[in-house]
Amino acid sequence: MKKLFFTWVLVSVAAVAAGQAVTDSSWREEVKTATLTRSGVELEAPLLTMGGGERMLLQFDLLADEVESLRYTIGHCDAEWRRDGLEPYEYMTGFESGEIENYDLSITTLRPYIHYFQMIPAKFASFTHSGNYVVAVTNEEGDTLLTRRFRVNEGSVKVVAEVTRPYDGMDIERRQEVDVIIENSKSRIENFSVPQLRPEYERIWVQQNGREDNARWLEFSSYDRAALCYRYRPQNIFDGGNTFRYFDMSNLRTPMYNVQRVEEYGGELFALLRPEEDRSRKHYLVETALNGGMKVNAWDRRNPTLEAEYVWVNISLPMAQPMLDAKIYVCGQLTDWKLDATSEMEYKPEYKAYVKRLLLKQGYYSYQLLVKRPVERGMKNEERSSATARLEGDHRETPNTYTVYVYHREPSDRADRLVGAVRIGN
């Protein structure tokens, strides 16, 4: 278990000193099912519109018997998620931190837990600066339990994005291109807060579903009158991937989709999923999934948030020999979209299979099995991000969701602004 001490300010200073970007992380094993969503919208990236009166809902479970005194603190970051120099009074009105007073105890579950929830920002508080934000939760001792990121968009530019076939005409059946055009939505004469669009002031970030490993900055290509165009460049092209794998353990009495059986041992529940398979040589699968998302659900419970059980889920991928040149990861919201030790599958010679065991709350989950090679000197960007080809396969028809963020910073600005954002599907 990794701990960060003292307040969010000291955590941020340490991160900046180490040159590290803040990530969505749970720093204690007891913290589970942490989500930060726009109130009323569960399955979209956490994005608020400045001045729109919107708020975020932070939720998480703490696997414990006793309630802890917890605090949250909100900090502003630059476009690459490193803590910047803005003081709280410069990016919001009201208090940037406070006690988390809302919690409920689990009801009749085999494993007890405490469900905490908090609206972000608090009542009578609002954001006055757009950009990237992080909320950190700490206990009385100053230990950081979790960090979650979100964005605040001022919407001062118009963003037009389109998913098309690759401009280079290569591998058009397995790749997708995202083209972006940005222009001012209002006249600068009428509104001085409207940014002056210049290529050196703008940075365009594109993310496929919730993945972090293949997200990238786009390169400016040309002008279209007063609009800036970001298209017809290698950075615009993404591997299509495949429809996400998924399983449903909403009903623990009768196994549902992709669940072979559910058993109880020693007061704990275990779910064995059907063995996974290599889909790279199969045709595109027309199925409905949450593109890596998840949803807590229990069919026979009135309040799944407090009555859903925690289950040890066993994911397996039969393979005669391990991959010597790469690692396999379970990627999705169930692993915070990370490709690290928390999501890496382990090869078991006795089973001749890769396996991964995760403690998950009862519900519906979708994910992909990504294959990553170690980064080597001289490796091209496309080789670093090509993670779906070996096990999932790549298809242009895959209904990926792309989110485009437009960051703006002029020489006189002290922090990055998020001036526009758009979410599109294939």
Restricting the search to segment 238-265, which residues are surrounded by fewer than 20 Cβ atoms within 10 Å (Cβ to Cβ) and acidic (Asp, Glu)?
Asp248, Glu263, Glu264
Residue by residue through segment 306-326, note down the ones that are of a type outside the set (A, V, I, L, M) and touching a Ser or Thr at 6+ places or on another chain (Cβ under 9 Å).
Glu307, Glu309, Tyr310
Out of all the residues in segment 295-352, which are open to solvent by 30 Å² or more (accessible area, probe 1.4 Å), within 17 Å of Tyr113 (Cβ to Cβ) and among the aromatic types (Phe, Trp, Tyr)?
Trp312
Might you let me know whether segment 182-197 holds any residue that is under 24 Å from the mean Cα position of the chain (by Cα) and either modelled with pLDDT under 95 or open to solvent by less than 40 Å² (accessible area, probe 1.4 Å) (or both)?
no
Scanning for something open to solvent by 60 Å² or more (accessible area, probe 1.4 Å) and within 18 Å of Ala415 (Cα to Cα), does segment 61-76 turn up at least one residue?
no
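Among the residues that make up segment 370-379, is at least one of them out of contact with any strand residue (DSSP E or B) (no Cβ under 9 Å at 6 or more places or on another chain), without any contact (Cβ under 8 Å) to a residue 12 or more places away in the chain, open to solvent by less than 50 Å² (accessible area, probe 1.4 Å) and not aromatic (Phe, Trp, Tyr)? Walk me through it before giving the result.
Keep residues of segment 370-379 that are out of contact with any strand residue (DSSP E or B) (no Cβ under 9 Å at 6 or more places or on another chain), which gives 375-379.
Then drop every residue that is not without any contact (Cβ under 8 Å) to a residue 12 or more places away in the chain, which leaves 375-379.
In the following step, the residues that additionally are open to solvent by less than 50 Å² (accessible area, probe 1.4 Å) were identified as 379.
Among the residues that remain, those that are also not aromatic (Phe, Trp, Tyr) are: 379.
Yes, because at least one residue in segment 370-379 is out of contact with any strand residue (DSSP E or B) (no Cβ under 9 Å at 6 or more places or on another chain), without any contact (Cβ under 8 Å) to a residue 12 or more places away in the chain, open to solvent by less than 50 Å² (accessible area, probe 1.4 Å) and not aromatic (Phe, Trp, Tyr).
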Considering only segment 299-312, I want to know if a residue exists there that is in contact (Cβ under 8 Å) with a residue 24 or more places away in the chain and on the phi > 0 side of the Ramachandran plot.
no
Within segment 341-350, can one find any residue that is in a loop (DSSP other than H, G, I, E, B), within 18 Å of the chain's Cα centre (by Cα) and at pLDDT below 95?
yes
Spot the failing condition for Met92; the list is (1) open to solvent by 50 Å² or more (accessible area, probe 1.4 Å); (2) in contact with a strand residue (DSSP E or B) (Cβ under 8 Å, 6 or more places away or on another chain), and only one is missed.
(1)
Within segment 198-208, track down each residue that is farther than 30 Å from Leu43 by Cβ and either surrounded by 13 or more Cβ atoms within 10 Å (Cβ to Cβ) or modelled with pLDDT under 90 (or both).
Pro199, Tyr201
Would you call Arg55 touching a residue at least 40 places away in the same chain (Cβ under 8 Å), open to solvent by 50 Å² or more (accessible area, probe 1.4 Å) and under 23 Å from the mean Cα position of the chain (by Cα)?
yes
For segment 353-367, which residues satisfy the criterion of being more than 21 Å from Asn297 (Cβ to Cβ), of a type outside the set (D, E, K, R) and surrounded by 17 or more Cβ atoms within 10 Å (Cβ to Cβ)?
Ala353, Tyr354
Filter result for the condition that a residue is of a type in the set (A, V, I, L, M, F, W, C) and touching a residue at least 60 places away in the same chain (Cβ under 8 Å), over Phe220, Phe270, Phe238:
Phe238
What are the residues in segment 70-89 that are within 24 Å of Phe124 (Cα to Cα) and in contact with a strand residue (DSSP E or B) (Cβ under 7 Å, 6 or more places away or on another chain), if any?
Leu70, Arg71, Tyr72, Thr73, Ile74, Gly75, His76, Cys77, Leu86
Where a residue in segment 201-212 is closer than 15 Å to Thr401 by Cβ and its partner, wherever it lies, is among the small types (Gly, Ala, Ser), with Cβ under 6 Å and at least six apart
Gln207/Ala215; Asn209/Gly292; Gly210/Gly292
Quick one: Ala125 ticks every box in (1) modelled with pLDDT under 95; (2) over 16 Å from His76 (Cβ atoms); (3) surrounded by 14 or more Cβ atoms within 10 Å (Cβ to Cβ); (4) among the hydrophobic types (A, V, I, L, M, F, W, C) bar one, so which box is it?
(2)
Across segment 209-236, the tally of residues that are open to solvent by 20 Å² or more (accessible area, probe 1.4 Å) and in a strand (DSSP E or B) stands at 5
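The values are calculated or read from the model by the stated rules, or taken from the named source; none is laboratory data. This is a predicted model, so every value here is computed, not measured. Here the Cβ is made from the backbone with ideal geometry for all residues, glycine too, and neighbour counts use every protein chain on show. All accessible areas refer to the heavy atoms of the entire protein, side chains included, with ligands and DNA or RNA removed. Shrake-Rupley method; radii C 1.70, N 1.55, O 1.52, S 1.80 Å.
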